[in-house]
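Asks: Have a look at this one before I ask anything.
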Amino acid sequence: MELAARTWPELGSYFETESLALVPLGSTEQHGPHLPEGTDHIIAESLARAAADRTGYLRTPTVDVGVSPHHRQFHGTMWVDAPVFRDYMESLVSNLTYHGIDRVVFVNAHGGNVAHLREVGRRLHDREEAYAIEWMWDESIPTLVSELFERNGPHGGPKETAMIQHLAGDLVREDRIEEAAEGGATFPSDDTHQNGARTFYDCLDNSENGVFGDQRDATAEKGERLFEAAVDQLCELCRWLDERPFEDLVAKPHV
C-alpha cells in the first residue's frame with residue numbers, strides 16, 4: 001500500500017489492523033560517468049514498492065537525499081549533515097508512531113546512511129517507541145552478488161549498474177561503461193589503510209571517476225535476478241517482523 005496515493009479514511013483502516021511500515025531511503029549523489037545521481041533512491045523505492053505490493057504493508061514516500069558528503073567533490077551530489085539526517089529520520093518515524101506504527105523497515109540503498117539509521121533505531125528502541133531496523137539490499141543476497149560478478153565494488157560497480165539496467169535502463173549511459181571500468185578503482189586497495197587505520201574520508205581519495213569495480217559484466221538480466229532475490233528477502237523480513245509481539249522487540253530489563 002502506497003501511503004501517498006491513499007486517502008486518510010483508507011489509511012485509517014490500515015492503521016486499525018496493521019503496525020508495520022516500509023520507509024525507502026537512498027541518496028542523490030554521483031555514481032560515476034555511466035549511472036544517474038538517483039541510482040540509490042531509484043533502487044530503494046523500487047524494492048520497497050515491490051515488497052509493499054506483494055505483502056500489503058504500507059510504503060511511505062522515499063527519502064532521496066541522504067548522508068553523502070564523501071561524494072561532494074563530484075558535480076551535483078546532494079547531502080544533509082549526519083546530525084540533521086538522524087534527527088529528521090527520528091522525527092519521521094515518530095510521526096508514523098503517532099498513527100499507530102510501531103515497527104519500521106528502513107529499505108536502504110546507500111551505504112552512507114547505514115550507521116545513522118542504526119543510531120536512529122537505537123534511540124527509538126531505547127525509549128520503546130518503535131522497533132526500526134535498517135535493511136541494505138545487497139547485504140541480504142551476498143552469495144548471489146558474488147556469483148554474478150567477477151570484480152564487484154561498493155559504489156557504482158556492477159551490482160548497482162545491473163540493477164539500474166533492469167529498473168531504468170534508459171538512464172544508463174551504456175557508451176560510458178568502458179570508461180567507468182577503466183577509470184575506476186578496486187576496493188579495498190593497498191593505499192586505503194595504513195597500519196590498521198583507515199586513511200581516507202572521501203570517494204575521490206580512491207577513485208578519480210567515483211566508481212569501484214568492473215561494470216562490464218553487468219546486464220539487465222543479472223539485475224532482474226538481484227532485484228527478485230532481494231525483494232524475496234525483504235518480504236520475508238517484513239513478515240518475520242510483523243509476527244513478533246512488540247514486547248519481544250523492546251529493550252530487555254536490567255539483569
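The values are calculated or read from the model by the stated rules, or taken from the named source; none is laboratory data. Quick caveat, the model's predicted, so the values are computed rather than measured. All Cβ positions, glycine included, derive from the backbone under ideal geometry; neighbour counts span all protein chains shown. Calculation scope for accessible area: heavy atoms of the full protein, side chains included, ligands and nucleic acids excluded. Shrake-Rupley method; radii C 1.70, N 1.55, O 1.52, S 1.80 Å.
A quick yes/no check of all residues on (1) in contact with a strand residue (DSSP E or B) (Cβ under 9 Å, 6 or more places away or on another chain); (2) hydrophobic (A, V, I, L, M, F, W, C); (3) at pLDDT below 95:
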| residue | (1), (2), (3) |
| --- | --- |
| Asp81 | no, no, no |
| Phe85 | yes, yes, no |
| Tyr88 | yes, no, no |
| Ser91 | no, no, no |
| Gly100 | no, no, no |
| Phe106 | yes, yes, no |
| Val114 | yes, yes, no |
| His125 | yes, no, no |
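Asks: What about Thr60, is it surrounded by 20 or more Cβ atoms within 10 Å (Cβ to Cβ), modelled with pLDDT of 95 or more, among the polar types (S, T, N, Q) and in contact with a strand residue (DSSP E or B) (Cβ under 6 Å, 6 or more places away or on another chain)?
Replies: Criteria met by Thr60.
Asks: Quick one: in region 187-237, of everything that is closer than 15 Å to Gly111 by Cβ, open to solvent by 70 Å² or more (accessible area, probe 1.4 Å) and more than 20 Å from the chain's Cα centre (by Cα), which residue is modelled with the lowest pLDDT?
Replies: Pro188
Asks: How many of the residues making up region 37-57 are open to solvent by 40 Å² or more (accessible area, probe 1.4 Å) and touching a Lys or Arg at 6+ places or on another chain (Cβ under 7 Å)?
Replies: Of the residues in that region, 1 qualify.
Asks: Looking only at region 72-120, how many residues end up being more than 22 Å from Leu35 (Cα to Cα) and touching a Cys at 6+ places or on another chain (Cβ under 8 Å)? Outline the logic, then answer.
Replies: The initial filter retains those residues of region 72-120 that are more than 22 Å from Leu35 (Cα to Cα), namely 81-106, 115-120.
When the remaining residues are screened for being touching a Cys at 6+ places or on another chain (Cβ under 8 Å), the result is 105.
The total comes to 1.
Asks: Then there's this: Within region 66-79, work out how many residues are surrounded by fewer than 18 Cβ atoms within 10 Å (Cβ to Cβ) and over 15 Å from Asp202 (Cα atoms).
Replies: Looking only at that region, the number is 1.
Asks: Sort out which residues of region 50-64 are more than 14 Å from Phe106 (Cα to Cα) and β-branched (Val, Ile, Thr), and write them in order of number.
Replies: Thr55
Asks: Going through region 1-27 one residue at a time, which ones are under 12 Å from the mean Cα position of the chain (by Cα) and either exposed (fewer than 14 other Cβ atoms within 10 Å of the Cβ) or part of a strand (DSSP E or B) (or both)? Break it down stepwise before answering.
Replies: First pass over region 1-27, keeping only residues under 12 Å from the mean Cα position of the chain (by Cα): 22-27.
Across region 1-27, the qualifying residues are Leu22, Val23, Pro24, Leu25.
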